[in-house]
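Input: a single structure, listed below in structure tokens.
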Amino acid sequence: VAGTMKNIGMVLAEQGQLDEAMDKFQEAQRIYKCLNDVKGDGPCCDVASALSCMGNVQNRRGELEDALQFYGEALSIYKAASKRAQEMGGRSRLALQEVASTLKIMGMVHTKRGELDMAMNCFQDAIGIMRQNFNDKTSGPLVTSILSRIGGIFSKMGKLEEAMSHYHEAYDLATQTFGT
């Protein structure tokens, strides 16, 4: 039910019905939280996903501070899920990818706000996670995107050689990942 509610919210958001979408995401989050409370596992990635969707709505509305708040809550949950998996002797690849993806989105919001140093920190943290835990073949699309974002930050800072270096690295990884 919660997953379907979240999917309905995503369609509503695509249709521009942001208030209705937010209601669906909040309902999905409430259901996910109730399920987690029953299981006693603490917050899970489903709750974080609903929070990210709420952040996306606020981002579309231009409510960037609220968007960062939702993304930050989601990021904390994804990090906790990854840590729990490591403590149990495994690795939660999905949680790690979500950590990196959420950091990327937060970097994009910081860029919109003109907070280039904060954006750069988010992007560099995201790339570090991906490179430490995944190979280029599995991480290529996300890392390519982040490298391009870093290039954009350097370009805005007037550091054109660094921008070009990151754009070239993104290009090389993209051609390696996707072929030409």
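Other residues lying with their Cβ under 10 Å from the Cβ of Gln58 contribute a combined charge of -1, Lys and Arg counting +1, Asp and Glu -1. Relative contact order of the range 69-143: 26 percent, from C-alpha pairs under 8 Å at least 6 residues apart in sequence. When a 1.4 Å probe is rolled over the protein heavy atoms, the share of accessible surface on the range 1-117 that falls to carbon and sulfur comes to 51 percent.
Could you size up the charge dipole of the range 1-158 around its Cα centre, putting +1 on the beta carbon of Lys and Arg and -1 on that of Asp and Glu, and report it in debye to the nearest 20?
For this selection, approximately 520 debye.
Across the range 11-126, the relative contact order, built from alpha-carbon pairs under 8 Å that are at least six residues apart, equals 18 percent. Each of Leu116 and Asn36 was given a label point 7 Å from its Cα along the Cα-to-Cβ line. The distance between the two points is 3.7 nm.
Peptides 49-59, 103-113 ranked from most to least packed, by the mean per-residue count of other Cβ atoms within 10 Å: 49-59, 103-113. The calculated FRET efficiency for Met164 paired with Gln17, based on their beta-carbon distance and R0 = 41 Å, is about 0.45. List the pairs from Lys83/Lys104; Lys104/Lys159; Lys83/Lys156; Lys24/Lys79 whose alpha-carbon separation is above 31 Å, in the order I gave them. Beyond 31 Å between Cα atoms: Lys83/Lys156. Between Asp172 and Met157, full extension at 0.36 nm per residue minus the direct alpha carbon distance yields a gain of 3.1 nm. Surface analysis of the chain yields an accessible area of 54 Å² per residue, using protein heavy atoms and a 1.4 Å probe.
The values are calculated or read from the model by the stated rules, or taken from the named source; none is laboratory data. What you see is a predicted model; the values in this text were computed from it and never measured. Quick reminder, even Gly has a Cβ in these numbers, built from the backbone with ideal geometry, and neighbours come from all protein chains shown. Note: accessible area is taken over every heavy atom of the protein model, side chains too, but ligands, DNA and RNA are not part of it. Shrake-Rupley method; radii C 1.70, N 1.55, O 1.52, S 1.80 Å.
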